[in-house]
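See below for the structure under consideration.
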Amino acid sequence: MSQRSLKRKERNIFVCTACDAQHPRWEGRCPQCGEWNTIEEQEVLPDEADGHRFAALAGTSEVQNLAQIQAQEVQRRLTGLPELDRALGGGMVAGGVILIGGDPGVGKSTLLLQTVSSMASQWPVLYVTGEESAQQVALRAQRLALPTEQVHLQAEIRLEHIIATLKERRPEVVIIDSIQTLYSSQLSAAPGSVSQVRECAAQLTRIAKQYGMTMVFIGHVTKDGALAGPRVLEHIVDTVLYFEGDTHSSFRLIRAIKNRFGAINELGVFAMTDKGLRGVNNPSALFLSRHAEQVPGSCVVATLEGTRPLLVEIQALVDTAHVPNPRRLSVGLESSRLAMLLAVLHRHAGVASFDQDVFINAVGGVRISEPAADLAVLFAIVSSLTDRAVPRGLMVFGEVGLAGEIRPAPRGQERLREAAKLGFKQAVIPRANAPKTPIEGLEIIAVQRVDQAIAFIREQGSR
Ligand code: TYD
Ligand code: MG
């Protein structure tokens, strides 16, 4: 970073588009990240420009006592889509800049068009479209039967023109679709290059802060899952949201991975319908596959997404391996944990699987990264291995330790209540999570060790 400020010559610098590292000369391969052919030439802005930029961002340079600063509560602007508000930590913020990333076609433009049309009745909004023509956007709004009388649209990719419009019209909510299509005539680099994306985002962010506008940048995600114009934007903006979904299913998840105005990892759930995106209030039902009969190799876990408990079915298939190195494959769960869990299962519960292929999957395309799913994975594996179904109405959670202990999971009560609400009858949970007062309709089986838990499921599974 400091390389740039040290070099005060007119010479241009060379920036890697993959890792944003800066180099004094062009190279075929970035020494920082090892990517080939990612280094681009970039103009060094004159010092004065830098000076202006920082002065504008800082506002005042006085040194103040933190205790004396009058902090105002942020002003929230509800989007009219409760699931989006949830992911944002309670709505958009005046002067807040949001980056929303996602694969092409996942529904970003649809989501934001719905958002502006519902916000337009309260705040002046501007939708800047650089990807689609005004007609295309109008056609979509028409198809979705959205109220559009108060929605203002600008089909524009020149940054200077957009900024002029913003200064003149002073909208309070601005959508930029997408940040990669914009370009500033001050830079010679092509639209979509790191320098253009960074410059456009930085200038727009400054405007947003200056006028208290809520601004949303739509950004594309590259094949390997990083936002194009990598990481450059993530620290400029206040909130980073990812919009994800399987192309095979209609469900779309939106989650915050950074939020200066709220908690992260809050999950918003939508379904893509022919009438656009619809919020899903009870997402637990999505991630449970409905078998008419209980089948072996399946177990339900109560996991936590942000602050919301979510019931997800974990499936396992254990089958005799015909190769010397049996396969271990996991979809939606951490694969490194799978190997560890199989070792714990063998060492502490005497269940061997070294000659078996083991596949595990979280139903519905959801990704679970918390260790509280461990116990459900073990149950699903044992159930598949012994070809006996886990009893109907059983839910589990709990982290499994290397010493064979079952560790508690955060917010156990909420998980239990969600399970009870959805009609589950039994819960195998860590001893430390056992509720003090019984939960109606839910039998609690509190376990401390893996062997205890496995013994329970082997005995139950037989019935
Ligand atoms: P879009 O919002 O254009 O995606 P993005 O901006 O993220 O690239 O969404 C495009 C997809 O959404 C397209 O494949 C069709 C689907 N879709 C529906 O299923 N129903 C709808 O009502 C709309 C508008 C789109
Ligand atoms: Mg789009």
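The values are calculated or read from the model by the stated rules, or taken from the named source; none is laboratory data. Values in this document were obtained by computation on a predicted structure and should not be read as measured data. Cβ sites come from the backbone with ideal geometry, for glycine too, and all protein chains shown count toward neighbours. These accessible areas exclude ligands, DNA and RNA; they are computed on the full protein's heavy atoms, side chains included. Shrake-Rupley method; radii C 1.70, N 1.55, O 1.52, S 1.80 Å.
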Please indicate, with yes or no, whether at least one residue in segment 407-414 is touching a helix residue (DSSP H, G or I) at 6+ places or on another chain (Cβ under 8 Å) and farther than 24 Å from GLY441 by Cα.
yes
Within segment 90-101, of all residues that are on the phi > 0 side of the Ramachandran plot and in contact (Cβ under 8 Å) with a residue 40 or more places away in the chain, the one least open to solvent (accessible area, probe 1.4 Å) is GLY95
Is it the case that segment 3-11 has a residue that's outside any loop (DSSP other than H, G, I, E, B) and modelled with pLDDT of 80 or more?
no
Condition set assigned to a loop (DSSP other than H, G, I, E, B) and open to solvent by less than 40 Å² (accessible area, probe 1.4 Å), scope segment 133-178, selection farthest from ligand 2 (Cβ to nearest atom): answer is PRO171
Only listed residue being acidic (Asp, Glu), open to solvent by 40 Å² or more (accessible area, probe 1.4 Å) and out of contact with any strand residue (DSSP E or B) (no Cβ under 8 Å at 6 or more places or on another chain), chosen from GLU414, GLU459:
GLU459
Residue by residue through segment 282-305, note down the ones that are within 20 Å of ASP246 (Cβ to Cβ) and at pLDDT below 80.
ASN282, PRO283, SER284, ALA285, LEU286, PHE287, LEU288, SER289, ARG290, GLU305
For the structure I just gave you, tell me whether LEU144 is aliphatic (A, V, I, L, M) and more than 10 Å from ligand 1 (Cβ to nearest atom).
no
Scan segment 52-89 residue by residue and report those that are surrounded by fewer than 16 Cβ atoms within 10 Å (Cβ to Cβ) and either over 22 Å from TYR211 (Cβ atoms) or at pLDDT 85 or above (or both).
GLU62, VAL63, GLN64, ASN65, LEU66, ALA67, GLN68, LEU78, PRO82
Could you list, in sequence order, the residues of segment 315-334 that are part of a loop (DSSP other than H, G, I, E, B) and open to solvent by 70 Å² or more (accessible area, probe 1.4 Å)?
HIS322, VAL323, PRO324, ASN325, ARG327, GLU334
Suppose we keep only residues that are of a type outside the set (Lys, Arg) and open to solvent by 20 Å² or more (accessible area, probe 1.4 Å) within segment 267-278. Which one would you say is nearest to ligand 2 (Cβ to nearest atom)?
MET272
Hey, among the residues in segment 288-309 that are of a type in the set (A, V, I, L, M, F, W, C) and part of a loop (DSSP other than H, G, I, E, B), which one's surrounded by the fewest Cβ atoms within 10 Å (Cβ to Cβ)?
ALA292
Those residues of segment 77-123 which are assigned to a strand (DSSP E or B) and either under 25 Å from THR181 (Cα atoms) or in contact with a Cys (Cβ under 6 Å, 6 or more places away or on another chain) (or both), in sequence order:
MET92, VAL93, VAL97, ILE98, LEU99, ILE100, GLY101, GLY102
Could you tell me whether any residue of segment 378-392 is assigned by TED's automatic domain parsing to the domain that holds PRO296 and closer than 22 Å to ALA432 by Cα?
yes
Among the residues of segment 179-202, how many are open to solvent by 30 Å² or more (accessible area, probe 1.4 Å), more than 16 Å from ligand 2 (Cβ to nearest atom) and of a type outside the set (A, V, I, L, M)?
5
Considering only segment 238-259, state which residues are touching a strand residue (DSSP E or B) at 6+ places or on another chain (Cβ under 6 Å) and either charged (D, E, K, R) or free of Cβ contacts under 8 Å to residues at least 40 places away in the same chain (or both).
ASP238, GLU244, SER250, ARG252, ARG255, ILE257, LYS258
In segment 245-266, what residues are open to solvent by less than 40 Å² (accessible area, probe 1.4 Å), within 26 Å of ALA376 (Cβ to Cβ) and assigned to a strand (DSSP E or B)?
GLY245, ARG252, LEU253, ILE254, ARG255, ALA256
Of (1) within 16 Å of ligand 1 (Cβ to nearest atom); (2) out of contact with any helix residue (DSSP H, G or I) (no Cβ under 7 Å at 6 or more places or on another chain), ARG169 satisfies all except one. Which?
(1)
Mind telling me which of the residues ARG367, ARG337 ends up being under 23 Å from the mean Cα position of the chain (by Cα), among the basic types (Lys, Arg) and assigned to a helix (DSSP H, G or I)?
ARG337
Test ASN281 against the criterion of being out of contact with any strand residue (DSSP E or B) (no Cβ under 9 Å at 6 or more places or on another chain) and open to solvent by 20 Å² or more (accessible area, probe 1.4 Å), and give yes or no.
no
When segment 417-456 is checked residue by residue, the ones that are open to solvent by 60 Å² or more (accessible area, probe 1.4 Å) and in a helix (DSSP H, G or I) are ARG417, LYS421, ARG431, ALA432, ASP451, GLN452
Within segment 80-122, the residues that are within 26 Å of GLN203 (Cβ to Cβ), within 16 Å of ligand 1 (Cβ to nearest atom) and more than 19 Å from the chain's Cα centre (by Cα) are LEU113, VAL116
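Name the single residue, out of those in segment 220-237 being touching a strand residue (DSSP E or B) at 6+ places or on another chain (Cβ under 8 Å) and under 12 Å from VAL97 (Cβ atoms), that is modelled with the highest pLDDT.
Filtering first and then ranking leaves VAL237.
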